[in-house]
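Worksheet: the structure to be examined is printed underneath.
The values are calculated or read from the model by the stated rules, or taken from the named source; none is laboratory data. What you are looking at is a predicted structure, and each value in this text was computed from that prediction instead of being measured. Virtual Cβ from ideal backbone geometry, glycine too; neighbours counted across all protein chains shown. Remember, those area values only see protein heavy atoms, side chains included, never the ligands or the DNA or RNA. Shrake-Rupley method; radii C 1.70, N 1.55, O 1.52, S 1.80 Å.
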Amino acid sequence: MPDHNVDTFISLSSPQMGQYGDTKYLKWLFPQHMKSNLYRLCYTQLGQDFSICNYWNDPHHRDLYLNNSNFLALLNDEKLNPNATAWKKNLLRIRKMVLIGGPDDGVIMPWQSSMFAFYDNNETVMEMKSQLVYLEDTFGLKTLDARGDIVSYIMPGVSHTFWHSNHTVFEKCIAPWLT
């Protein structure tokens, strides 16, 4: 949307760099070996019709992610995207990006994905500034950061289904940015 009027983008515990892990909800459905096998479904045409698969970023099957992800890999400009230049230009029109997440989320895995951090192939969380999308500034993240336009809030004690209704989160992390 080239003529958007978004001043501040607020991201409330979202898997910006993807999802990979045995979340409390998925463990309930698939008690064993979920994270090590979900790529078999997610990286298929059928799997891409499921929301979790749109964000599934298996660090042990990076090639499959890059070749089969129809959403996140395109959005983060990790694979050829004909709209990449326009999307980057549009993102850079915002004044602030507010990232909110926390270690007790229980669904976003790793929770640091809400801060553009993610696992390397050893499942060590690498911070945003170590991510290739940041280093290459594929969609404008590094530019936003260099401008001082990324604000992060790490909020412990909030589980995923309560972010939107937590009064402290609203008052501290969201309300100051509403215009």
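Stick to the Cα atoms of segment 15-117, pair each with every other, and give me the Kirkwood hydrodynamic radius in Å at one decimal. About 14.6 Å, per the Kirkwood formula over Cα pairs.
Cysteines in the chain lacking any other cysteine Cβ under 4.7 Å from their own Cβ: Cys173. To the nearest 10, the accessible area of Arg95 is 110 Å² with a 1.4 Å probe.
Ordered from largest to smallest accessible area (heavy atoms of protein chains, 1.4 Å probe), the residues Thr44, Thr85 come out as Thr85, Thr44. For the chain, a crude dipole built from +1 on the beta carbon of Lys and Arg and -1 on the beta carbon of Asp and Glu, taken about the Cα centre, is about 180 debye to the nearest 20. The mean sequence distance of close C-alpha pairs (under 8 Å, at least 6 residues apart), as a share of the length of segment 92-179, puts its relative contact order at 35 percent.
In this structure, the pairs whose alpha-carbon distance is over 19 Å, taken from Lys96/Lys129; Lys142/Lys172; Lys129/Lys172; Lys88/Lys172; Lys35/Lys129, are Lys142/Lys172; Lys129/Lys172; Lys88/Lys172; Lys35/Lys129. The mean of 1/r over all pairs of different alpha-carbon atoms in segment 103-179, once inverted, gives a Kirkwood hydrodynamic radius of 14.0 Å.
Summing +1 for each Lys or Arg and -1 for each Asp or Glu, what net charge is found among the other residues whose Cβ lies under 15 Å from the Cβ of Ser69? Neighbourhood net charge equals -2.
Other residues whose C-beta falls under 9 angstrom from the C-beta of Trp177 contribute a net charge of 0, scoring Lys and Arg +1 and Asp and Glu -1. Taking every C-alpha pair closer than 8 Å and separated by at least 6 residues, the mean separation divided by the residue count of segment 19-170 gives a relative contact order of 22 percent.
Excluding ligands, DNA and RNA, the accessible surface per residue across segment 20-173 is 54 Å² with a 1.4 Å probe.
Would you tally the net charge around Tyr119, using a Cβ to Cβ cut-off of less than 14 Å, leaving Tyr119 out, and scoring K and R as +1, D and E as -1? Combined, the nearby Lys, Arg, Asp and Glu give -3. Between the listed residues Tyr119, Val6, Gly157, the Cα displaced farthest toward the positive end of the dipole of the chain, a dipole computed from Cβ unit charges relative to the Cα centre, is found at Val6.
With every protein chain in place and a 1.4 angstrom probe, the accessible-area ranking of Ser130, Ser159, Ser113, largest first, reads Ser130, Ser159, Ser113.
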